[in-house]
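Student: Could you have a look at this structure, given as structure tokens, before my questions?
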Amino acid sequence: MAFRRSDLPDGFLFGTATSSYQIEGHGQGGAGRTHWDDFAATPGNVAGAQNGAIACDHYNRFEADLDLVANAGLDVYRFSTSWARVQPEGRGAPNSEGLDFYDRLVDAMLERNLKPAATLYHWELPSPIADMGGWRNRDIAGWFADYTDIIMGRIGDRIWSAAPINEPWCVGWLSHFLGQHAPGLRDIRATARAMHHVLLAHGTATQTMRALGMTNLGAVCNFEYSQPADDSPEAARAAATYDGIYNRFFLSGLFHKTYPDTVLEGLEPHLPDQWHADFETIAAPLDWIGINYYTRKVVAPAPGPWPSYADAAGSLPQTQVGWEIYPEGLYHFIKMVHSEYAPDLPIYITENGIAAEQTVIDDVADDPVRITYLNDHIAQVQRAIGDGFPVKGYFIWSLIDNYEWALGYAPRFGLVHVDFDSLQRTPKSSYHAMQAALMG
Ligand code: IFM
């Protein structure tokens, strides 16, 4: 790598991130059915109709996986707990096997001197909750708080940091407007309600964790740099709408107690009646804010109803999944979050990484593209720190190759290669490079 740990300020934390459904093997340990199982079983939704039933079998291999985290010299392990593993029906009786698993998992992190950074929801909604409308149903905020109470009542005493929901844009827009993630809806009213309720559930879960005495609570949002396709006012307007929906809606709710005009233009008629009153819960004080950043989008105006934009072709190099590589966007969002929304909060880069092919020859998985990507993005973090922005940590997505949702198992995001037949793990050259940078 182009940096060494000593190039970052003292106390700067390096980590890696995963999520439950993408690695655990959801078919084991008494976990309940989720809307991702249903979505994947519906032809045409997921490449090869693949699901997370086995995934990386982390459920049985977590000790070895955590050894990989610790041996890389990383400080933080960001993971998620599965609602359906904790409460198979989404409400009511907990699954003791599931609670025991997360208990062992957290203890195994502590034994390796890793800081456990928990996320409560990384997208596998219990099917019985989906049956009741899922994120469209306002009652989800209460059910989510109950789940929070159960899981954090068990492990919260050992958690270093916690965030309720990973990437609310994906839960709301990607899943209810674009239909690309479970539950696969394309409905503006469902979208408005899901986007609002996901914030309400963030608020109730935060209150629940505070009541349990937990500290270091945050929110994790994802961001995509919105690049107008040309210099026209129409393209500028399209890009501003994209920026509003993707990058500003959730931050505005969390920190400004309102939503951006560019988004209200389309969603306001579909929001639940009492949406203004909910900001008292939504904007519960936080201790940090997390940025997940991967790419930029080139946005052009398009005919038709709001949001009246379309993706346009970009000119930058792309990843294995066709995402443009634009490291400067990371600096842009650090600056935006700090200057416009959360001037008093520490910032963590809670996800950054790349899907990239690698060759595995004689047990060596070579992924030079990932090394370059990480170098270029960490350089933007260093630039931001140099300019006085309070970035306190950087976590790589992901530790191991895993289930990349609708794209199945083909995209390779891991520092560690996984053979999905044998489930053997093989550290890639990027893993070794990070290890040298952090421990060398
Ligand atoms: O795999 C996902 C993860 O679940 C959430 N953030 C983006 C990653 C890469 O697409």
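The values are calculated or read from the model by the stated rules, or taken from the named source; none is laboratory data. All figures in this text were calculated on a predicted structure; none of them were measured in a lab. Note: ideal-geometry Cβ built from the backbone for every residue, glycine included; neighbour counts use all protein chains shown. Only protein heavy atoms, including side chains, enter the accessible area calculation; ligands, DNA and RNA are left aside. Shrake-Rupley method; radii C 1.70, N 1.55, O 1.52, S 1.80 Å.
Student: Just to make sure I understand: if all protein chains stay in place, what is the order of Trp160, Trp143 by accessible area at 1.4 Å, largest first?
Tutor: Trp160, Trp143
Student: Before rounding to the nearest 500, sum -39500 (n - 2.57) across all DSSP H runs of length at least 4 in the chain and divide by the residue total; then give [θ] at 222 nm in deg cm²/dmol. Each step should come with its number before you reach the end.
Tutor: Numbers: 14 runs with 150 residues, N = 440.
Counting only the DSSP helices, I get -10000 deg cm²/dmol.
Student: Additional query: Percent relative contact order of the chain, based on C-alpha pairs within less than 8 angstrom and at least six residues apart? Each step should come with its number before you reach the end.
Tutor: Working: 945 pairs, mean separation 77.8, N = 440.
That works out to 18 percent.
Student: For His181, His256, what's the largest-to-smallest order of accessible area, 1.4 Å probe?
Tutor: On the way: His181 20, His256 90 Å².
Of His181, His256, the descending order of accessible area is His256, His181.
Student: Stretch Trp306-Glu340 to full length: gain in nm at 0.36 nm per residue minus the Cα-Cα span? Write out the running numbers ahead of the final one.
Tutor: Working: separation 34, 0.36 × 34 = 12.24 nm, distance 2.53 nm.
Full-extension gain reported as 9.7 nm.
Student: Further question on the same structure: Measuring from a point 7 Å past the Cα of Ala410 along Cα-to-C-beta, which residues in region 25-47 have an amide N at less than 16 Å?
Tutor: It comes to 44-47, nothing else.
Student: Tell me, what is the percent relative contact order of region 263-365, built from C-alpha pairs under 8 Å that lie six or more residues apart?
Tutor: Numbers: 100 pairs, mean separation 31.9, N = 103.
For region 263-365, the relative contact order is 31 percent.
Student: Between Leu125, Leu212, Leu415, where does the largest GNM mean-square fluctuation fall for the chain, given springs only between Cα atoms within less than 10 Å?
Tutor: Leu212
Student: Ok, one more. Under the rule of at least 5 residues apart or a separate chain, name every residue whose amide H is placed under 5 Å from the amide H of Lys115.
Tutor: Val76, Tyr77
Student: Taking a threshold of 23 Å on the Cα-Cα distance, which of the pairs Lys115/Lys335; Lys115/Lys392; Lys335/Lys392; Lys257/Lys335 fall above it? Each step should come with its number before you reach the end.
Tutor: On the way: Lys115/Lys335 26 Å; Lys115/Lys392 14 Å; Lys335/Lys392 14 Å; Lys257/Lys335 20 Å.
In this structure, Lys115/Lys335 exceed 23 Å between Cα atoms.
Student: Subtract the Cα-Cα distance of Asp146 and Val321 from 0.36 nm times their separation in residues, and report this length gain in nm to one decimal. Spell out each step's value before the answer.
Tutor: Details: separation 175, 0.36 × 175 = 63.00 nm, distance 3.68 nm.
Length gained between Asp146 and Val321: 59.3 nm.
Student: Quick one: plug the Kirkwood hydrodynamic radius of region 121-164 (C-alpha pairs) into Stokes-Einstein at 20 °C, 1.002 mPa s, and report D in µm²/s.
Tutor: 186
Student: What share of the DSSP beta bridges in the chain is antiparallel, in percent to the nearest 5? Provide the component values of the computation, followed by the final result.
Tutor: Numbers: 13 of 51 bridges.
If we restrict to bridges inside the chain, about 25 percent are antiparallel.
Student: Still on this structure, please answer the following. Could you please tell me the mean projected area of the C-alpha convex hull for the chain, averaged over all directions and given in square nanometres to one decimal?
Tutor: Values: hull surface 78.0 nm².
Mean projected area of the Cα convex hull: 19.5 nm².
Student: What is the ratio of the Cα radius of gyration of region 280-388 to 2.2 N^0.38 Å, with N the residue count, to two decimals? If you can, show how the numbers build up before the last one.
Tutor: Working: Rg = 17.5 Å, N = 109, 2.2 N^0.38 = 13.1 Å.
Compactness ratio reported: 1.34.
Student: Counting only the backbone N, which residues of region 250-271 are under 16 Å from the spot 7 Å out from the Cα of Glu280 toward its beta-carbon?
Tutor: So the set is 257-258.
Student: How many angstrom lie between the C-alpha centres of region 320-360 and region 163-201?
Tutor: Comparing the Cα centres of region 320-360 and region 163-201, I get a distance of 21 Å.
Student: Related question: Across region 363-427, how large is the tail of the calculated P(r) beyond 18 Å, expressed as a percent of all Cα pairs? Can you show the working numbers first?
Tutor: Numbers: 1017 of 2080 pairs.
Summing the P(r) of region 363-427 above 18 Å gives 49 percent of all pairs.
Student: Take Arg210 and Arg4, extend 7 Å from each Cα along the Cα→Cβ direction, and tell me the distance between the two endpoints in nm.
Tutor: 4.4
Student: Stretch Ala70-Ser422 to full length: gain in nm at 0.36 nm per residue minus the Cα-Cα span?
Tutor: Values: separation 352, 0.36 × 352 = 126.72 nm, distance 2.31 nm.
Result: 124.4 nm gained on full extension.
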